[in-house]
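> Just passing along the structure, written as structure tokens.
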Amino acid sequence: MATETTTLRIKAEKLGTVTEVKTLLADLENAYNSIYAFDFLVDSIIYDRERNFRQLDERFHRMRRYWKEFSNRKEFPYDPFFFELFWEDNLNRQQNILPNLLELQSKIDIEKIILPSDRLVISKVNIQSPGFWEFLGGLNPLQQIREYIKDRHERKKDKDYRSRQEEELGELSIEEKRNNIINQRIDMLKKVGYSDIEIRQLVTAMVITPLKQLDKHQDNGQIEGPEQ
């Protein structure tokens with residue numbers, strides 16, 4: 001599924017060593033790919049659930065029509081077609097159990113789900129000090145990366161933290177903003193029946209943990225913040 005694209009320009013105080021640059025680009029691509037896969041996974045679950053419900057609805061109406069015809073008969077001979085519909089309906093209900101989110105995540109093949117047109121691309125680089133990296137890719141993953149490094153950059157600039165309590169409130173604020181970005185898909189997972197714990201595990205594994213890998217690059221000056 002092709003997505004809307006955008007660019008993300010990240011300001012940098014320094015370029016870094018060869019190893020640091022390789023790690024930066026690998027961590028950025030991993031965060032991008034993981035968020036892309038998260039979106040793909042949620043969208044796929046919702047699509048499959050909607051399709052299953054449509055099939056159930058069609059099967060119910062089909063059985064209802066057939067039962068009316070069947071019940072109006074003067075005699076009730078064994079009818080294999082009716083029992084075939086009955087067992088098919090039971091089988092479908094058993095298959096309609098929600099799949100395990102972390103198991104689904106473990107089976108994702110990034111190489112297969114990300115279209116060539118959606119892959120993260122370096123579109124521009126300025127190697128002066130300060131310089132910047134500019135990336136082209138899918139709108140939602142790059143927006144989430146932008147918001148994460150922006151929030152963290154603003155927190156690093158804030159010199160008013162007087163205590164550990166204030167620092168913890170800052171962390172909470174960052175988490176709330178990050179959750180607002182993925183709020184829509186979290187609500188979608190809740191509506192199909194997943195618990196808060198299941199959703200939190202998936203979001204942590206596919207969104208929060210990959211984004212946190214960017215922290216060290218922001219701390220060492222390879223990432224300063226996004227350009228507006």
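The values are calculated or read from the model by the stated rules, or taken from the named source; none is laboratory data. No experiment lies behind these values; they were computed from the predicted model shown. Virtual Cβ from ideal backbone geometry, glycine too; neighbours counted across all protein chains shown. Accessible surface is based on the protein model in full, side chains and every heavy atom, while ligands, DNA and RNA are left aside. Shrake-Rupley method; radii C 1.70, N 1.55, O 1.52, S 1.80 Å.
> Can you report the number of residues in segment 188-228 which are part of a helix (DSSP H, G or I) and either surrounded by fewer than 19 Cβ atoms within 10 Å (Cβ to Cβ) or among the polar types (S, T, N, Q) (or both)?
Residues in segment 188-228 being part of a helix (DSSP H, G or I) and either surrounded by fewer than 19 Cβ atoms within 10 Å (Cβ to Cβ) or among the polar types (S, T, N, Q) (or both): 17 in total.
> Additional query: Has segment 124-139 got at least one residue that is modelled with pLDDT of 85 or more and open to solvent by 80 Å² or more (accessible area, probe 1.4 Å)?
yes
> Follow-up. Here are the criteria: (1) at pLDDT 90 or above; (2) touching a Leu at 6+ places or on another chain (Cβ under 9 Å). Tell me which single one Arg152 does not satisfy.
Result: Arg152 fails condition (1) only.
> Ok, one more. Return only the number of the condition from (1) open to solvent by less than 70 Å² (accessible area, probe 1.4 Å); (2) at pLDDT 90 or above; (3) of a type outside the set (Ser, Thr, Tyr); (4) more than 24 Å from Lys191 (Cα to Cα) that Glu29 does not satisfy.
So the condition that Glu29 fails would be (1).
> Looking at Glu50, Glu69, Glu13, Glu103, which is the one that is within 16 Å of the chain's Cα centre (by Cα), open to solvent by 80 Å² or more (accessible area, probe 1.4 Å), at pLDDT 60 or above and not small (Gly, Ala, Ser)?
Working: Glu50 fails: within 16 Å of the chain's Cα centre (by Cα); Glu69 fails: within 16 Å of the chain's Cα centre (by Cα); Glu13 fails: within 16 Å of the chain's Cα centre (by Cα).
After applying the criteria, what remains is Glu103.
> Report whether or not Ile114 is surrounded by 15 or more Cβ atoms within 10 Å (Cβ to Cβ) and either farther than 20 Å from Lys216 by Cβ or in contact (Cβ under 8 Å) with a residue 60 or more places away in the chain (or both).
Considered against the rule, which asks whether it is surrounded by 15 or more Cβ atoms within 10 Å (Cβ to Cβ) and either farther than 20 Å from Lys216 by Cβ or in contact (Cβ under 8 Å) with a residue 60 or more places away in the chain (or both), Ile114 comes out as yes.
> Related question: Restricting the search to segment 178-187, which residues are outside any helix (DSSP H, G or I) and open to solvent by 50 Å² or more (accessible area, probe 1.4 Å)?
none
> Across segment 5-47, what is the total count of residues that are among the polar types (S, T, N, Q) and touching a helix residue (DSSP H, G or I) at 6+ places or on another chain (Cβ under 7 Å)? Walk me through how you get there before you give the answer.
To start, the set of residues in segment 5-47 that are among the polar types (S, T, N, Q) comprises 5-7, 17, 19, 23, 30, 33-34, 44.
Those still in the list that are touching a helix residue (DSSP H, G or I) at 6+ places or on another chain (Cβ under 7 Å) too: 5-6, 30, 33-34.
Here the count works out to 5.
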